[in-house]
Amino acid sequence: MKESLKVLQECAELQQKKSRDYQNENSRIRQADHYPRGCATILDMVHQKITRIYSVMEAAEVGGDPNFESLEDSAKDAINYLSFFVSYNRGMMEGQSSDKDYLNKPIKKEE
């Protein structure tokens, strides 16, 4: 199996583990509740992950060592957030309202 496909498999496993913490059956919170502006909020999260990657890499370029979140962890999180973006954009995220668009704005009904 290609390494890139192994990475996607690891991302899927990570997503399932985190999902059990953030949207467990004992909570009223559903996945879509984390993204009040829909895809725009998810894109903000991707931006945050990419910015962290830049920060860690720039520090490493001058001899710094990452203390907490590694480059790989941030990259895997970004991959997962991008999959959330696609899911939300398709209207298929758990807890997403069918009467709202990809930005979580009410869908205007044609008269």
- Query: List the chymotrypsin sites (Phe, Trp or Tyr not before Pro) in the stretch 12-111 that DSSP assigns to loop (not H, G, I, E or B) and whose Cβ has at most 14 other Cβ atoms within 10 Å. Which are they?
  - Reply: F68
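Return the FRET efficiency for the residue pair E61, R90: r is the Cβ-Cβ distance, R0 is 41 Å, and the value is rounded to the nearest 0.05.
Working from the Cβ atoms, E equals 0.60.
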- CD proxy at 222 nm, helix term only [per DSSP H run n ≥ 4: -39500 (n - 2.57); per residue of the chain; nearest 500]: -19500 deg cm²/dmol
- Message: Counting only other residues whose beta carbon sits under 12 Å from that of M45, what net charge do I get with K and R as +1, D and E as -1?
- Response: +1
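For the stretch 3-89, compute the number of Lys pairs whose alpha carbons are separated by less than 15 Å, excluding pairs fewer than 8 positions apart on the same chain.
Close lysine pairs under the 15 Å cut-off: 4.
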- Which longest run of the chain has no exposed loop site in it, a site being trypsin sites (Lys or Arg not before Pro) in a DSSP loop with at most 10 other beta carbons within 10 Å, and the site itself not part of the run? 29-89
- In degrees, nearest 10, range 0 to 90: what is the angle between the Cα axis of helix 3-22 and the longest Cα principal axis of the chain? 60 degrees
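Which net charge results when you count Lys and Arg as +1 and Asp and Glu as -1 among the other residues whose beta-carbon is under 12 Å from that of P36? List each step's numbers first, then the result.
On the way: positive: R37, K100, K105; negative: D33, D44.
Charge balance near P36 sits at +1.
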- Message: Here are labelled values, (i) 30, 17, 13; (ii) 47, 13, 10; (iii) 21, 16, 12, and one is the computed semi-axes √(5λ) of the Cα gyration tensor in Å for what I pasted. Which one?
- Response: (i)
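Each reported figure results from applying straightforward, stated rules to the coordinates on display, with no laboratory input. Being a predicted model, the structure only gives us computed values, none of them experimental. Note that each Cβ is placed from the backbone with ideal geometry, even for glycine, and that neighbours are counted across all protein chains shown.
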